[in-house]
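First the structure, in the form of structure tokens, and then the observations on it.
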Amino acid sequence: MLNQQVDVLLVGAGVMSATLAAMLKELDPGLSIHMIERLPNVAGESSDGWNNAGTGHAGYCELNYTPQNSDGSVATNRALQINAAFEESLQFWSYLVEQNILKAKDFINPTPHLSFVWGEENVAFLKRRFESLSQHPLFQDMEYSEDVSKLKQWMPLIMEGRDNQVVAATRVDYGTDVDFGALTRGLILHLQKQGGFELQLNQNVRRLKQDKRGIWNVNIQDRTTKKSHTIHAKFVFLGAGGGALPLLQKSRIPESKGYGGFPVSGLWLVCKNPEIIREHNAKVYGKAAIGAPPMSVPHLDTRIIDGEPALLFGPYAGFTTKFLKKGSFLDLAKSFKVNNLKSMMFASLRNMGLTRYLISEVVQSQESRMKSLQQYFPNAKPEDWHLATAGQRVQIIKNCHKKGGKLEFGTEIVTAKDGSIASLLGASPGASTSVQAMTDVIKRCFSDRIQTQEWKVKMRTLVPSYGQSLINDAELLKEVRARTLSTLELKK
């Protein structure tokens, strides 16, 4: 048995853990940080380029972030919050590029973000959405058009054969495609060059328990050698994607009680035909099917992953009992605990429609999937597209005293009262808002240090808008956006 003592233990080598480690090292280079990962490589699950849409969720094109109210108006608060959060990520990434820690072209590419709809009712909704959002400085550069000739310039593949169809689209020129796998690997490579950072792969957490001193004793087994050792950590972050919930349950902190998870899988149709790829340079999002979960909004995306261009369409939702793409079919069953049984059962009963939808997606034929694609790309041919498995997501189930249990879409940070352990649960917008999420972790779990003048100054160096509102301060937004668009080479 080997024993190690560290300031910070990060479980999971994805974009969340990498972001938190990078921020903490900038705030205090003297911290000893240890990162463990169950796979033989970093960014192998949710952060991998092919396991997410890479959109850099900014609310520009994702219609599920702006639902229609009962009176016909469009709710914009969620889109404003997500856009402001993504701006924080762009600020931190700009800092990393300015410090020559990362190269922008290695992980982020300018890719216009479009929303596209057809039919009079949907066109009316999109116009109301545009009118509501474009009044705010965050979205003031958004364009709207029903002009077929203009739309053909924006998205020629999608507009083929639509001359007589009622259509509309919105566009933001400086949208992004982000390779979160490359971003994660770049951050971890930088961390490995620093003192006081260690990465261990092929490691499984078997137990974690807090002692009377407040130290977490985490027992870990090497998946290759089967040897075990214990790490004693002052602070633990569970950033293991779908695997975070089981780990949080192992901690047995009171704050973990009542939480459950609902796994959702997905598939993409992928095209690597260079002639087709050259005809489309955008991320084009449509409206989700009735009953579909929010992360199943159909979209045709330009992707640059590991430097290679491709087109991606989907996702086609599915259901599996795994919590991780490379997990176990027993994951869901093992997540049932006495303290979350009521939440899980009530949430299941209330979401039978979603379950039926996911099952219908699972049994879809390739011909059916191609018909869905052809609604967005009318001339798509089956021989140009192949099916690929997307990443696994675990949606949050929370205990609601009045309702018994509620299925929620989004991300949530759960922390112990003493701030000694934190976990990130949920899915989209996830990686896009990683900087805001990890800033929140730092504020909650390093509360004494973040109040010091030293850390406040450093935080504003990393994220200039720290402690201020980009939603309410138009001048601040203008200043930080000019910097990020220039540094990350996103403005044409």
Study note, to complete from the structure: Extension length gain for R483 and D7 (0.36 nm per residue less Cα distance), in nm, is 168.0 nm
**Study point:** Full-stretch length increase - K417, S145 - with 0.36 nm per residue and alpha-carbon distance subtracted
**Key:** 92.9 nm
Study note, to complete from the structure: Of all DSSP beta bridges with both partners in the chain, the antiparallel percent, nearest 5, is 70
Check your understanding: Ranked from highest to lowest mean number of other Cβ atoms within 10 Å per residue, what is the order of the peptides 140-153, 14-27?
Key -> 14-27, 140-153
Exercise for review: Would you mind checking the pairs K103/K456; K417/K443; K209/K406; K25/K458; K326/K371; K152/K491 and listing those with alpha carbons more than 19 angstrom apart?
Suggested key: K103/K456; K209/K406; K326/K371; K152/K491
Review point. Where does the charge balance sit around D222 when Lys and Arg score +1, Asp and Glu -1, over other residues with C-beta under 13 Å from its C-beta?
Key: +4
Review point. So how far apart, in nm, are the two label points at K152 and L341 if each is 7 Å from Cα heading toward Cβ?
Key: 6.4
Revision key, fill the gap. Dividing the helical contributions, -39500 (n - 2.57) per DSSP H run of n ≥ 4, by the residues of the chain yields a 222 nm value, nearest 500 deg cm²/dmol, of -9500 deg cm²/dmol
Exercise for review: Note the full-extension length gain between R78 and E131 as 0.36 nm times their separation in residues minus their Cα-Cα distance, in nm to one decimal.
Suggested key: 17.5 nm
Exercise for review: Would you mind checking the tilt of helix 474-487 against the longest principal axis of the Cα atoms of the chain, expressed as 0 to 90 degrees and rounded to 10?
Suggested key: 90
Practice item. List the residues of region 363-392 whose backbone N lies under 19 Å from a point placed 7 Å from the Cα of K272 along the Cα-to-Cβ direction. Key: 381-391
Practice item. Rank-order 44-55, 104-115 by packing density, defined as the average count of other C-beta atoms within 10 Å over each peptide's residues, highest first. Key: 44-55, 104-115
Check your understanding: Going by average Cβ neighbours within 10 Å, how do the peptides 368-378, 254-264 rank, with the highest at the top?
Key -> 254-264, 368-378
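Here, each number is a calculation from the coordinates, and none is a lab measurement. The shown structure was predicted, so the numbers you read here are calculated from the model rather than taken from an experiment. Using ideal geometry, Cβ is built from the backbone for each residue, glycine included, and neighbour counts are taken over all protein chains shown.
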